[in-house]
1. Over the whole of B:655-666, what's the average partner chain Cβ count within 10 Å per residue? Rounded to a whole number, please.
2. Which length gain, in nm to one decimal place, applies between B:MET548 and B:SER312 when the Cα-Cα distance is subtracted from 0.36 nm times their residue separation?
3. Between B:ALA641 and A:ALA80, what is the label-to-label distance in nm when each label sits 7 Å out along the Cα-to-Cβ direction?
4. Karplus couplings for region B:123-133 from phi (6.51 cos²θ - 1.76 cosθ + 1.60, θ = phi - 60°), rounded to Hz, Gly and Pro as x?
5. Let a ≥ b ≥ c be the square roots of the eigenvalues of the Cα gyration tensor of region B:41-111; is it rounded (a/c under 1.5), or, if not, prolate (a/b larger than b/c) or oblate?
6. Can you tell me the 0 to 90 degree angle between the C-alpha axis of helix B:651-667 and the longest principal axis of chain B, rounded to 10?
7. Of all the Cα-Cα pairs you can form in region B:365-592, what percent are over 29 Å apart?
8. Assuming 1.567 mPa s and 4 °C, estimate D for the protein assembly as shown with Stokes-Einstein, Rh taken as the Kirkwood radius over Cα pairs, in µm²/s.
Amino acid sequence: MIHIECLLGLSAIMMFAGIYGFLTRRSTLAILLSIELMLNAADINFAVFNRMLFPEGHEGYFFALFTIAIAAAESAIAIAIMINIYRQLSHLGVDKLTKLKF
Amino acid sequence: MSYTLFILLLPLFSFLLIGIVDMDILKNGKVWSHKAAGLIGTCSLGIVTVLSYMTAWQYFFQTERLADGSLPTLVPFNTTWLPLGNLHFDLGILLDPISVMMLVVISTVSLMVHIYSFGYMHGERGFQRYYAFLSLFSMSMIGLVLATNIFQMYLFWELVGVSSYLLIGFYYTTAPAIAASKKAFIVTRFADMFFLVGILIFGYYTQSFNFSFAGSEVQMADGAAAFIPCDPQTALVKNAAYAVLPISLVLMFIGGAGKSAMFPLHIWLPDAMEGPTPVSALIHAATMVVAGVFQIARMFPIWIEYAPQTLSVVVWVGAFTAFYAAAVACTQSDIKRVLAFSTISQIAFMMVALGVCLPGEGEHLNHASLGYMASMFHLFTHAMFKACLFLGAGCIIHAVHSNEMSAMGGLRKYMPVTRWTFLISCLAIAGIPFFSGFSSKDEIISACFQYNSICGWWMTAVAAMTAFYMFRLYYGIFWGTENKELHAEHTPHEAPWTMTLPLVVLSIITVGVGAVTTLAGFGILPETWNFGSFVTASGAVYGVHFDMQVALTSTCIALVSIGLATWIFKGETQPIADKMYAAAPHLHRWAYKRFYLDEVYQFVTHKIIFARISTPIAWFDRHVIDGFFNFLAWGTHKLSALIKGFQSGSVQQYAIWFFLGVLAVLGIMVFVL
């Protein structure tokens, strides 16, 4: 039997890896990957809590499914935005995308 | 008589129809807006005219008179538009002798002008716009006379002002027309401000906007009760009301003086002649400019009951204006300006006639307030013959393409119909028996003599001047030397039938009314045929007889004036006139320049008000008030510079702040709470 702390530790590592990637990577594509990582960390948490604490219910699994669907839709939109950015500016460096300000 | 509502609504509908629907595209490629817009306007006005005559017939001949012989005040339609506590603004239709008489005047003249404009405005750019505005004007003027209360009157009063502004500025590409329309609007608006203040004072102290306190369905039940506003400290409030009513009436009179071009607010009317001539005939001669007279006639029961002494203000303003305008009219060379000053002078006659009324009880009121009847009668006759004169002037301008008398002369051979109708109207305005102006002007002068003899002789003198300048105009246009240069280009010709028909109709009315009332006044026809059986101060029938002394004097004086004008102006050359100019060049120049009143206004407004008052206020506004707000904006801008660096545009920086924020909240939740 695997302890719940191990599984939560895994998701925490994934979460912080995602946050680190989000804050440090320059490529928009890599940032998108980091976001997926964070979402998956959350999914693992849902599944783990459902499995370990409330084995008779299914809400956690369904939430994880919803999150996966939303993540798919979100990545489609994000890629569309990226294509547009690339068409306009011929690069995807997030450090140079600072037009939206005061 | 609820069909009277259509009299008001039909022109409104035709205004909306002509004003909104573009009739140029009715037939592809071919523009026939010309006929469509004009026909719709004229047809609706034709129906309005028929309905007005029906109303007049039913009201004057088929309505049962009250016990004292007066005609009842009917309210076929009334609705509360805006309730404000005890006060309420009503919209409705009120039929009483003067409003029904005005209906007849407005619809007749307006229909004639609609027909006439077919010829006069033929091929003009903006023909459709012109007819839309004519409908708007007709609607507003009808609403003004049918108003059930002073506030509704004010509403339509402003609407006629707007339509007058739009029509004066009809040729909006020419600078004088723009200046004239602005001048007319600003001067009348300035006067209307006093009117509004008067209405508000009136409404506050009497708790009603009605025209009279005497009992009938729309009016207050009892005179004393009218002066009890919300709190019942009766004695105090009552005295205040007695003191305040004359003030509010005089303020309203200032509004009326602006609209009716009384001295010193007359300056807009001569300039208003920049508009199309049929408009001058309709608005600036027959209907809108008599709104001031109508307003006093409307408030007459209150004037005569509560402020009879204050009417002397009206007398002296009117008497001075009549003389001033007649003096200026003697020297003008632009035929429309002569007619404009003549209009001012004639309206002043009506004002004086209202002013010389004296209070009286029951039967005696009609005798003491003869001026009321005379004023309304003169309003009626003047509308007809002055509209005819203006339309005639339009025919002449149409033929010679100039307003100046120097371009005319000798036109009697070329334009017979215009000439004879013009002559009839000139005889009417001069006050020759058997023409309508005689009967009404004679009543006015009788009323003036009843008031005091100075006033009577003064107005007789002005009547003599009227005859003189009208015949100077007549001879200047139709006699004298022909302008050969002009005729070489093209010979003047009579106007088309659409333009001459209204002249003939209006002069037939002038002669018909004149003949009947003159015969009735001399006792040959029954006295009920006279105007006194329709409109009188008390409402009861008043048998009008001419005061033989006055009638004879004024006829003789008018004939002498006409003779004088004939002697001076009829010939090919005018040696006497030239000698007169040479003898008093300054006087002539002063009168020709309208005694420099426009220059005085220019000086007062530009040099004093604009330069000494408005400029400093504008400076204060730009520098102090605007400066304060600019300072606030500048301070905010500078403060924001301190923190706006946070919004760097870099998404990752935002994410760091967000992440730190989450950590901070978490920290507070874990360690503090």
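1. Working: counts 5, 3, 0, 0, 3, 0, 0, 1, 0, 0, 0, 0.
Partner Cβ neighbours, averaged per residue: 1.
2. 82.3 nm is the gain from fully extending B:MET548 to B:SER312.
3. 4.2 nm
4. Values per residue, Gly and Pro as x: x, 6, 6, x, 4, 5, 4, 4, 5, 4, 5 Hz.
5. Details: a/c = 2.85, a/b = 1.23, b/c = 2.32.
Since a/c reaches 1.5 but b/c is at least a/b, the shape of region B:41-111 is classed as oblate.
6. Its long axis makes an angle of about 60 degrees.
7. Working: 8785 of 25878 pairs.
The answer is 34 percent, as a whole percent.
8. 41 µm²/s
Throughout, read-outs are computed from the coordinates displayed, never taken from laboratory work. What you see is a predicted model, and the numbers here were worked out from it, not measured in a lab. Reconstructed Cβ throughout: ideal geometry from the backbone, glycine too, with neighbour counts over all protein chains shown.
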